[in-house]
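Asker: Quick one: this structure, given as structure tokens, is what I'll be asking you about.
Rule-based calculations on the coordinates, nothing more; no lab input. Just so it is clear, the structure is predicted and the values come from calculations on it, not from any experiment. When we count neighbours, we look across all protein chains shown, and the Cβ atoms used for this are built from the backbone with ideal geometry, even at glycine.
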Amino acid sequence: MPLKKNKKSGEELRRIIESYKITILQGTPTTFKLLLKSGWDATTSLKKAFSTGEALPQEVAKGILSTGVELWDLYGPTEATIESTLCQIENSNDISIGRPLSNMRLHVLDESYQPVPIGALGELYIAGDGLAKGYLNQPELTEERFIRITNQPLQEQVIYKTGDIVRFSTNGMLYYYGRNDHQVKVRGYRIELEEIEHVLKNYQNITDCCVSAETSASGNIELKACIISGSVQPDLQEIQLHLKKYLPAYMIPSSFYQRAELPLLPNGKIDRKLLFTNGEYLTAKIDKHENTNETEKQIMHIWEEVLGKAASGMERTFFDEGGSSLLIPELQNKFIQQFPDLRIRLVDFFKHTTIRAQAAWIEKESLAAGRKVSKPIASTISEKDTESVEIIETQLRKDLRINYRTLVP
């Protein structure tokens, strides 16, 4: 067994395999990914590879199979004595976690602990001789995860709630579709983070990624993506265009963070707490000599206050910059402070979505009103300016009746 420090170095791990003529290796997909990057090929002594601990990505399986090594995918939680299923992978386009090991039983159930039809998604529950009795000195957690069953169809006394979403195929093979706890709710939509990651990994310059739901400075939940692209500098706008081909707007991450590699825990799994450290956020390529007038500069300043980051250009939409419909009332409030003499409605922000378009709209309204465009940037609304407050409240009541799903791009 190699030392922990050697597990994080593909070159060192490869040297150990070659020095000791290792023929069987069990590790996480992350470990095998490091090994593949080190130049591992068919000339090494390895004959069998057992992948466990994480879902086996298609590109990792393809890389391992290309070396001629026999590949097996193992699945199982610690609560069921580490491994519960086994499957030999012969085609990287068909990755299953297989069938249960001897004396283990698997059930795919709905929220009422009833079996789902073959082919339908459900949560995986495990029973059998390998099941633990519970968690030491944690009776509440034991009761929550080790479910005592009374309904007869299962014919089990206790089943373990894995939190994993799976389905049975017609030939009895089990397929893994992610975690229940990786399912998040953003802007009222329930989202599978793995679905976004799958589309991102299919982009030509991204070798690995991890998507997370984070709380923004304004208190809203937003999607952020950590991406790995090696020495290639990916283009933010091209990535967003790629995602828009396959995903709805509410599933597009608001920001993209580039690192040299994903941070790992000692067990080889991704350390999600460190995803957005030791790297940098991608920004859109903009023309440094792009002409901007005073109104555009003022609106850009407002955007940056609301978004909590620098705006990328005059022609990018508020939504492309990471904004959402939930931030529109805050944007409206800032506009009312900046342009107090103009009538500013929520719906206007869906009609005019770029800085340039909003500046043209403000200047047109100002010209029609025959007044100055704005006050200085530093000015703020007075606490006793109740008229402006009433405008916000009245407009919110009116405009929030709009079906924003048909308006947001």
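Asker: What trypsin sites (Lys or Arg not before Pro) in the range 40-94 are in a loop by DSSP, with at most 14 other Cβ atoms within 10 Å of the Cβ? List each step's numbers first, then the result.
Answerer: On the way: sites: LYS47, LYS48, LYS62; in loops: LYS47.
Loop-located and lightly packed - LYS47.
Asker: Label the range 98-186 by shape, choosing from rounded, prolate and oblate, from the square roots a ≥ b ≥ c of the eigenvalues of the Cα gyration tensor; if a/c is under 1.5 it is rounded, and otherwise prolate applies when a/b is larger than b/c, oblate when it is not.
Answerer: oblate
Asker: If one computes the Cα centroid of the range 166-193 and of the range 301-326, what distance in Å separates the two points?
Answerer: 32
Asker: Further question: Taking 26 Å as the cut-off for C-alpha to C-alpha distance, list the pairs among LYS245/LYS351; LYS185/LYS309; LYS245/LYS334 that go past it.
Answerer: Too far apart for the 26 Å limit: LYS245/LYS334.
Asker: Would you calculate the separation in nanometres between label points at ARG148 and ARG343, each defined as 7 Å from the Cα along the Cα-to-beta-carbon direction?
Answerer: Placing both labels 7 Å beyond Cα along the Cβ direction yields 6.8 nm.
Asker: Order by neighbour count: VAL347, VAL232, VAL166, VAL211, fewest other Cβ atoms within 10 Å first, most last.
Answerer: Ordered from fewest to most neighbouring Cβ atoms within 10 Å, VAL347, VAL232, VAL166, VAL211 come out as VAL232, VAL347, VAL166, VAL211.
Asker: Follow-up. Counting other Cβ atoms within 10 Å, which chymotrypsin sites (Phe, Trp or Tyr not before Pro) in the range 199-304 have at most 12 and lie in a DSSP loop?
Answerer: Numbers: sites: TYR203, TYR246, TYR250, PHE256, TYR257, PHE276, TYR281, TRP303; in loops: TYR203, PHE276.
Those that pass, being in a loop and sparsely packed, number zero.
Asker: Classify the range 74-127 from the C-alpha gyration tensor, please: rounded if a/c falls under 1.5, else prolate or oblate depending on whether a/b exceeds b/c. Walk me through the numbers on the way to the answer.
Answerer: Values: a/c = 2.36, a/b = 1.23, b/c = 1.92.
Judged from the Cα gyration tensor, the range 74-127 comes out oblate (a/c at least 1.5, b/c at or above a/b).
Asker: Under the Karplus relation 6.51 cos²θ - 1.76 cosθ + 1.60, θ = phi - 60°, what is the ordered set of whole-Hz ³J(HN,Hα) values for the range 123-130, x standing for Gly and Pro?
Answerer: 8, 7, 10, 10, 9, x, 5, x
Asker: Given an 8 Å cut-off on Cα distances and at least 6 residues of separation, report the relative contact order of the range 126-240 as a percent.
Answerer: Taking the mean separation of contacting Cα pairs over the length of the range 126-240, I get 13 percent.
Asker: Okay, moving on. Quote to one decimal, in nm, the extra length available between ALA310 and THR81 on full extension: 0.36 nm per residue of separation minus the C-alpha distance between them. Write down the numbers at each step before the final one.
Answerer: Numbers: separation 229, 0.36 × 229 = 82.44 nm, distance 4.96 nm.
My answer for the length gained is 77.5 nm.
Asker: Return the loop-located chymotrypsin sites (Phe, Trp or Tyr not before Pro) in the range 104-171 (DSSP other than H, G, I, E, B) with at most 15 other Cβ atoms within 10 Å of their own Cβ; answer none if there are none. Please list the in-between numbers first.
Answerer: Numbers: sites: TYR113, TYR125, TYR135, PHE146, TYR160, PHE168; in loops: TYR113, TYR135.
Those that pass, being in a loop and sparsely packed, are TYR135.
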